[in-house]
Amino acid sequence: MKKIILKCKLTNRDSFEQKLSDIDLDFSPIYWQHDRIYVPRNYKPHANFPKLVMRTEMKSVDKPAKYYFILRRHIEDSGVDIVEETAVTDYEKLVNIILQLGFKPIAEVSRRRQELSMGEGTTIYLDKVDNLAGYYAKIESNLQSTDSVEAAHADLEKTFRTLGESHFVDSPYFEI
């Protein structure tokens, strides 16, 4: 799946959430995610290398955790992210496969997250990342084959600016 992703450090979480609530858009309840990020042994930042993510997600304390395997590749030239995600039943076995393929762990990121669906293919996430000050918002929008990357990115920027936010962040959480 091709996506455009834009992340912003919020100046005021409550104000951001209130602006969305004023137009009848409300975030989901808070849930917890923990990502373990793996990269190829010859990894260099900003070089279009793939990242593999093993995600643990708990949406409710009375239900078991869910596990996901995510392939994420940011194509620097185009600003597009290629993202494929699949549910995992045997976490340890898949981590062993990742390591045997020559990937190495480089970071772990835990966050409390809320999400808000803005129609088909677009989601806003509100994140409180462990060990990072403040709150972050991230908009992910699926790209169709006929969509202009530049226009889609401009639309996401416009959405953030309309909500009073403009502190855009290009780095993944583990690099901040």
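Derivation of every value follows stated rules applied to the coordinates shown; laboratory data play no part. If you're wondering where the values come from, they're calculated on a predicted model, not measured in any experiment. Every residue, glycine among them, receives a Cβ derived from its backbone with ideal geometry; neighbour counts consider all protein chains shown.
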Once the convex hull of the C-alpha atoms of the range 1-91 is built, how many Å³ does it hold per residue, rounded to a whole number? 149
Taking the chain as a Gaussian network, where each spring joins two C-alpha atoms under 10 Å apart, which residue of Leu71, Leu52, Leu126 fluctuates the most? Leu71
How far is helix 149-162 tilted off the main Cα axis of the chain, in degrees rounded to 10, range 0 to 90? 50
For a quick check: with amide H placed at 1.01 Å from N, whose amide H comes under 5 Å from His167's, ignoring anything fewer than 5 positions away on the same chain? Lys9
Paramagnetic label zone (point 7 Å from Cα along Cα-to-C-beta, Ser78; backbone N under 17 Å) in the range 23-60: 47-51
Within the range 57-134, report the GluC sites (Glu not before Pro) that DSSP leaves as loop and that have at most 14 other Cβ atoms within 10 Å. Glu76, Glu120
State, to one decimal in nm, how far the label point of Ser145 lies from the label point of Phe49, with both points 7 Å from Cα in the Cβ direction. 3.2
Cα-based helix-to-principal-axis angle, 13-22 vs the chain, degrees rounded to 10: 60
Whole-Hz ³J(HN,Hα) for each residue in the range 91-102, computed from phi via Karplus 6.51 cos²θ - 1.76 cosθ + 1.60 with θ = phi - 60°, x for glycine and proline: what do you get? 4, 4, 5, 5, 4, 4, 4, 4, 5, 5, 7, x
Scattering profile of the range 67-144 at q = 0.12, 0.27 Å⁻¹ [log10 I(q)/I(0), Debye over alpha-carbon scatterers]: -0.49, -1.27
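Quickly estimate the mean residue ellipticity at 222 nm for the chain, helices only: each DSSP H run with n ≥ 4 gives -39500 (n - 2.57), and the total goes over all residues, rounded to 500.
Numbers: 3 runs with 34 residues, N = 176.
Value at 222 nm, helices only, nearest 500: -6000 deg cm²/dmol.
If you average 1/r over every pair of different alpha-carbon atoms in the chain and take one over that average, what Kirkwood value in Å do you get?
Numbers: mean 1/r = 0.0579 Å⁻¹.
17.3 Å is the Kirkwood radius here.
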Express in whole angstrom the spacing between the alpha-carbon centres of the range 6-29 and the range 48-113. 26
